[in-house]
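This is the structure I have questions about; it appears just below.
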2 protein chains.
Amino acid sequence: MVNIILFEPIEIGKPLPKRDERAVHLLKVLHKNTGDSFDAGVVGGDLGSGLIEAVRLDGIVFSLDVKESPPPRLPVCVSVGFPRPIQLKRLLRDLSNFGVEAIDLVGTDMGEKSYRDTKLLTDGGARAALVEGAAQARDTRLPLLSVYATLDDWLVERPWDRARDTLVSASGRDRSLRISPILIAADNVRSEGSFGLLNTMGHPVVIAVGSERGWSDRERDELESAGFLRLSMGSRALRTETACIAAVVLAMEKTGKLG
Amino acid sequence: MVNIILFEPIEIGKPLPKRDERAVHLLKVLHKNTGDSFDAGVVGGDLGSGLIEAVRLDGIVFSLDVKESPPPRLPVCVSVGFPRPIQLKRLLRDLSNFGVEAIDLVGTDMGEKSYRDTKLLTDGGARAALVEGAAQARDTRLPLLSVYATLDDWLVERPWDRARDTLVSASGRDRSLRISPILIAADNVRSEGSFGLLNTMGHPVVIAVGSERGWSDRERDELESAGFLRLSMGSRALRTETACIAAVVLAMEKTGKLG
């Protein structure tokens, strides 16, 4: 496994309960014991190593030595129509794996209303998925996760403007340049062109992906008024999660962050 | 839902049992009834429409009118180190969603041996996942699925040569040109360059993705001898499934099949 063990700041200085997934991973998969070190990081903080001081009945006693900065973020914000809860978990993990700046979950006209009531957002499941994705990439930082009841709310709020300073800094350009993000809506039904033709080199990217059933025409008009380009990713209908990953990969490629 | 109801040839002319997922989808989700038509296709055959002749106790009696050709295949073969069974199912569905030509499951040096014993390959689960992915894309054709015990077996067999005629025809070029496929191994650890620099326009692509723990150095040498370029997709470690999807999306983009 290439990933690291990530701790929340609040967990430092307390024994890690033995039934915790990370404890199971350390003891049973990595076969670590007292005196062994492991790759570690603090959520929102730095990277480095952990040391197992003792394995006690109440858990693993550990110390951390973290001084290394986490990797840069991918200058991409993703908004996505609420997927099914089981898909949401995987999507959050995967988008965090890629290191996107922000994930906005948006209620759309054609989306299933009941999906919005997922417990994941309140029971810690969403955060756990983000942590898992970050750990996989040896990252300590999590995408900013927000929820919007409707696409209109999201378009009025323009959260990408607030994120712009971070986005620009993540894209490695001087903040004073105030580079506009490129606004893209994934749309295989009424597209104005293909992702393939895009050149976003040096620009941050905001990607909007609809729900399973896509965008309503009303939403297409709203997106257009807000400056979004509707681009297709091939002629085949993709699942919401797959479309999100595909769009992020293409944005990485077009932004020159691939290699 | 944009997807279609796919039938295996053997199912034609028999009532579709009411507990079958497709029957549930037709009756409960699409609210279809006697006299209604629906988008349909035959696995390995053509696309068109189905008509519900009757809804009986023993199932839905239907007739098919299928004359439309399925969409073209994506001229991409993917080989992947055996993932966990639950991931395998999703991976097969997603790769089928993209319309790849062939999927080869390969035992790798660093792969978990027990993953190869999945029942999915014998209980029809793998085929069901391929059908689901194809239906999502309104396609009737499934990727060719094969299993190889080791990477060496796969490299000796060179299944992409056998698939080349189909690959070349799918890439829209004359078979007599015998265009060589571009051979790529995804490798974020010891890469020779980035996917971003690749130009595969007009060429079919063969992509090898390792298992969760990546390639052994022995396998890297074998891949190199067989003519594979080791390319990275960014500096972050990706999950096997995510890496496969990312590689296919990039191959689509680089092959000009994106829009």
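No value in this document is a laboratory result; all are computed from the given coordinates. Keep in mind that what you see is a predicted model, and the values were worked out from it rather than measured. Methodologically, a virtual Cβ is constructed for each residue, glycine included, from the backbone with ideal geometry; neighbour enumeration extends over all protein chains shown.
Compute the distance from the alpha-carbon center of the stretch B:206-259 to that of the stretch B:1-62, in whole Å.
Taking the Cα centre of the stretch B:1-62 as reference, the centre of the stretch B:206-259 is 38 Å away.
Let me ask something else about it. Measure nothing but the geometry: give the 0 to 90° angle between the long axis through the Cα atoms of A:240-254 and the longest principal axis through the Cα atoms of chain A, rounded to 10°.
Helix A:240-254 and the main axis of chain A meet at about 90 degrees.
Next up: Output, in nm with one decimal and in ascending order, the distances from the residue B:36 label point to the matching label points of the other copies (7 Å from Cα along Cα-to-Cβ).
5.7
Among B:57, B:91, B:206, pick out the residue whose Cα is farthest towards the positive end of the charge dipole of chain B, where Lys and Arg carry +1 and Asp and Glu carry -1 on C-beta, about the Cα centre.
B:57
Tally Lys and Arg at +1 and Asp and Glu at -1 over the other residues with C-beta under 11 Å from the C-beta of residue B:80: what net charge comes out?
That sum, taken over residues with Cβ under 11 Å, equals -3.
For peptide A:196-205, compute the average count of partner chain beta-carbon atoms within 10 Å of each residue's beta-carbon.
Average per residue, whole number: 1.
What is the magnitude of the charge dipole of the stretch B:74-254 about its Cα centre, with +1 placed on the Cβ of each Lys and Arg, -1 on the Cβ of each Asp and Glu, and no other charges, expressed in debye to the nearest 20?
Dipole magnitude for the stretch B:74-254 comes out near 460 debye.
Sticking with this structure for a sec: Just to be sure I understand the model, the point goes 7 Å from the Cα along the line to the Cβ. What's the resulting residue A:86 to residue A:158 distance in nm?
4.1 nm
Treating only the Cβ atoms of Lys and Arg (+1) and Asp and Glu (-1) as charged, compute the dipole magnitude of the stretch A:1-132 about its Cα centre; round to the nearest 20 debye.
The dipole of the stretch A:1-132 has a size of about 400 debye.
Would you work out which of A:45, A:13, A:26 lies farthest towards the positive end of the dipole of the stretch A:5-68, given +1 charges on the beta-carbon of Lys and Arg and -1 on that of Asp and Glu, about the Cα centre?
The Cα lying farthest towards the positive end belongs to A:26.
On average, how many beta carbons from a partner chain sit within 10 Å of the beta carbon of a residue in B:229-241?
Mean partner shielding for this stretch: 6.
Take peptide B:248-254, look around each residue's Cβ out to 10 angstrom, count Cβ atoms belonging to other protein chains, and average those counts.
Mean number of neighbouring Cβ atoms from other chains: 6.
Still on this structure: Structure shown: which of A:28/B:113; A:254/B:257; A:32/A:89; A:28/A:119; A:113/B:18; A:113/B:28 lie over 21 Å apart, alpha-carbon to alpha-carbon?
Pairs exceeding the cut-off: A:32/A:89; A:28/A:119; A:113/B:18.
For the protein assembly as shown, what proportion of DSSP beta bridges, expressed in % and rounded to the nearest 5, is antiparallel?
Just about 35 percent of them are antiparallel.
Now, a different point. Please arrange B:153, A:187, A:58 by how many other C-beta atoms lie within 10 Å of their C-beta, fewest to most.
Exposure proxy ranking, most exposed first: A:58, B:153, A:187.
State the antiparallel share, in %, of DSSP beta bridges confined to chain B, rounding to the nearest 5.
So the antiparallel bridges amount to about 35 percent of the total.
Compute the projected area of the convex hull of the Cα atoms of chain A, averaged over all viewing directions, and report it in nm² to one decimal place.
The orientation-averaged projected area of the Cα hull of chain A comes to 14.6 nm².
Helix B:125-136 against the longest principal axis of chain B: what's the angle in degrees, Cα atoms only, rounded to the nearest 10?
80 degrees
Sort shortest first the distances from residue A:68 to its counterpart in every other copy, using label points 7 Å along the Cα-to-beta-carbon line, and give them in nm.
5.3
If you count the DSSP beta bridges with both ends in the stretch A:1-127, what percent of them are antiparallel, to the nearest 5?
Bridges in the stretch A:1-127 that DSSP calls antiparallel: roughly 60 percent.
Taking only Cα atoms, what is the 0 to 90° angle, nearest 10, from helix B:85-98's long axis to the longest principal axis of chain B?
80 degrees
Shortest first and in nm with one decimal, please list how far the residue B:125 label point sits from its counterparts in the other copies (point 7 Å along Cα→Cβ).
Nearest to farthest, the other copies are at 2.1 nm.
So what are the three principal axis dimensions of the protein assembly as shown from its Cα atoms, in whole Å, longest to shortest?
Result, largest extent first: 70, 57, 49 Å.
Sticking with this one: Local charge sum around residue B:60 (other residues, Cβ-Cβ under 14 Å, Lys/Arg +1, Asp/Glu -1)?
+1
How big is the stretch A:5-68 on each of its three principal axes, counting only the C-alpha atoms and giving the largest first in Å?
29, 20, 18
Let me check I've understood the local charge: for residue B:230, count other residues with C-beta under 11 angstrom from its C-beta, Lys and Arg +1, Asp and Glu -1. What total comes out?
-3
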